Amino acid sequence: MQNLSTHILDTTCGQPATEVLVTLYRQGSPETTTWTKIGSGSTDTDGRFRQFFDTQQTAGLQRGVYKLHFEVDSYFRYRKVESFYPFVEIVFAVVNETQHYHIPLLLNPFGYTTYRGS
């Protein structure tokens, strides 16, 4: 089950942020700072990515703490735009694994905003 998706919009130009590497990690336990890589890939032409789990993994997100790591430095460098953040990490908690979690990133070279989407 693919119950996680993300979308990046470059708010400076009002366009989707394409070809941004996004990696999903799961926290080992609340007492540790150990993160396990789950999956990664690049945003498509619409700035979206949703294939964090390979086709053999049918479980999708389980209860726990996760983070999405967005490699935004290369996105801005390719566009010859000076930026402040080399990467963005969004940490979130999954409390109901039957729900879909959509995590948008509104991005510009000197700031970003995120929220839980639908």
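Out of VAL95, VAL91, which single residue is at pLDDT 95 or above, open to solvent by 50 Å² or more (accessible area, probe 1.4 Å) and of a type in the set (A, V, I, L, M)?
Only one candidate passes the filter, namely VAL91.
Let's see how each residue does on (1) of a type in the set (S, T, N, Q); (2) in contact with a His (Cβ under 9 Å, 6 or more places away or on another chain):
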| position | (1), (2) |
| --- | --- |
| GLY64 | no, no |
| ARG79 | no, no |
| TYR85 | no, no |
| THR98 | yes, no |
| PRO104 | no, yes |
| ASN108 | yes, no |
| GLY117 | no, yes |
Just to verify a result, which residue in the stretch 2-42, among those that are touching a helix residue (DSSP H, G or I) at 6+ places or on another chain (Cβ under 9 Å), assigned to a loop (DSSP other than H, G, I, E, B) and open to solvent by less than 60 Å² (accessible area, probe 1.4 Å), is farthest from GLU89 (Cα to Cα)?
THR18
Qualifying residue in the stretch 61-77 (condition: over 17 Å from the mean Cα position of the chain (by Cα) and closer than 18 Å to GLY111 by Cα):
yes
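Could you tell me whether the stretch 74-82 includes any residue that is basic (Lys, Arg) and under 18 Å from LEU4 (Cβ atoms)?
Pass one, the stretch 74-82, residues basic (Lys, Arg): 77, 79-80.
Next, only the ones that are under 18 Å from LEU4 (Cβ atoms) stay: none.
The answer is no; no qualifying residue exists.
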Do you know which of the residues in the stretch 43-54 that are among the aromatic types (Phe, Trp, Tyr) and part of a loop (DSSP other than H, G, I, E, B) is nearest to PRO109 (Cα to Cα)?
PHE52
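Is at least one residue of the stretch 63-85 closer than 14 Å to LEU21 by Cα and part of a loop (DSSP other than H, G, I, E, B)? Please lay out each step first, then the result.
Filtering the stretch 63-85 down to residues closer than 14 Å to LEU21 by Cα leaves 67-78.
Right, trim to part of a loop (DSSP other than H, G, I, E, B) and you get none.
No, that holds for no residue.
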Could you check the stretch 36-53 and list, in sequence order, the residues that are at pLDDT 95 or above and among the hydrophobic types (A, V, I, L, M, F, W, C)?
PHE49
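Quick check: is even one residue across the stretch 72-83 within 13 Å of TYR25 (Cβ to Cβ) and at pLDDT 95 or above? Working first, answer last.
If we filter the stretch 72-83 for residues that are within 13 Å of TYR25 (Cβ to Cβ), which is where we start, we get none.
Among the residues of the stretch 72-83, not one is within 13 Å of TYR25 (Cβ to Cβ) and at pLDDT 95 or above, which makes the answer no.
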How about the stretch 100-118: which of its residues are at pLDDT below 95, surrounded by 12 or more Cβ atoms within 10 Å (Cβ to Cβ) and either of a type in the set (A, V, I, L, M) or in a loop (DSSP other than H, G, I, E, B) (or both)?
HIS100
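The values are calculated or read from the model by the stated rules, or taken from the named source; none is laboratory data. What you see is a predicted model, and the numbers here were worked out from it, not measured in a lab. When we count neighbours, we look across all protein chains shown, and the Cβ atoms used for this are built from the backbone with ideal geometry, even at glycine. Just the protein is used for accessible areas: all its heavy atoms, side chains included, with ligands, DNA and RNA removed. Shrake-Rupley method; radii C 1.70, N 1.55, O 1.52, S 1.80 Å.
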